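Values quoted throughout were computed directly from the atomic coordinates according to the rules given, and no laboratory measurement underlies them. Remember, predicted model here, so these are calculated numbers, not experimental data.
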Amino acid sequence: MHLPLIRRLTPGQRSSCRGTCYNFWDTDYHQEALEPYMRYLLVDHITEWKAGESIRGVKNVAMSEDFLEFHFPKNPIMPGVMLLEAITQLTGWLEAASSDFTQWFLISGVNKCSFYGFAFPGDQVELRVEFVSSPGENRKVFKGTGMVQGKKKIAVEFEGSLVPFDELEDGEEQRRFFDLLTRNLGL
């Protein structure tokens with residue numbers, strides 16, 4: 001499904017273009033259009049976690065990932081920034097589970113990052129995150145890695161803030177999703 005990311009100019013709005021014109025600066029519309037569609041869930045399974053300390057998980061790189069269509073045509077590889085995002089999401093799950101789903105981690109900066117190779121469709125990326133330090137109130141530093149078949153693909157040290165979970169998501173819904181990721185289904 002193709003979604004317009006921009007809105008047509010309304011009658012009376014001035015533009016120097018001819019034909020169909022769009023308002024590229026309407027950021028409210030961009031956010032509204034993207035919100036339900038631009039959600040990448042990049043952690044497929046959480047294999048182990050220790051409250052406040054560390055977490056391990058898995059990202060399966062599927063050929064059906066939409067970002068592989070353009071990165072790169074005829075030679076698809078998972079973008080490095082998506083590997084970083086997977087590690088960041090795993091960190092969010094660590095903070096959520098450690099705080100009884102009252103807080104989530106939002107990245108604000110990358111201190112160091114190195115890429116060592118590519119993750120291809122069919123690869124299973126083993127993700128690891130460890131707590132490093134807490135430089136201030138609601139601030140934390142973590143380090144993370146992504147490996148495929150024992151070979152490092154990314155190593156990163158990053159920092160960010162802890163934010164109240166209810167500002168982002170429904171805590172109970174995310175608790176159920178965490179149970180799914182950890183295979184703690186209680187069936």
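Amide H contacts of G160: S108, K140, each under 5 Å away and 5 or more positions distant or on a separate chain (H built 1.01 Å from N in the peptide plane; Pro and chain starts excluded). Region 65-109 and region 156-184 have Cα centres spaced 12 Å apart. With the Kirkwood sum run over all distinct C-alpha pairs, region 45-181 has a hydrodynamic radius of 15.4 Å.
With all pairs of separate Cα atoms included, region 34-114 yields a Kirkwood hydrodynamic radius of 14.2 Å. One compactness figure for region 106-187 is 1.33, namely its Cα radius of gyration divided by 2.2 N^0.38 Å.
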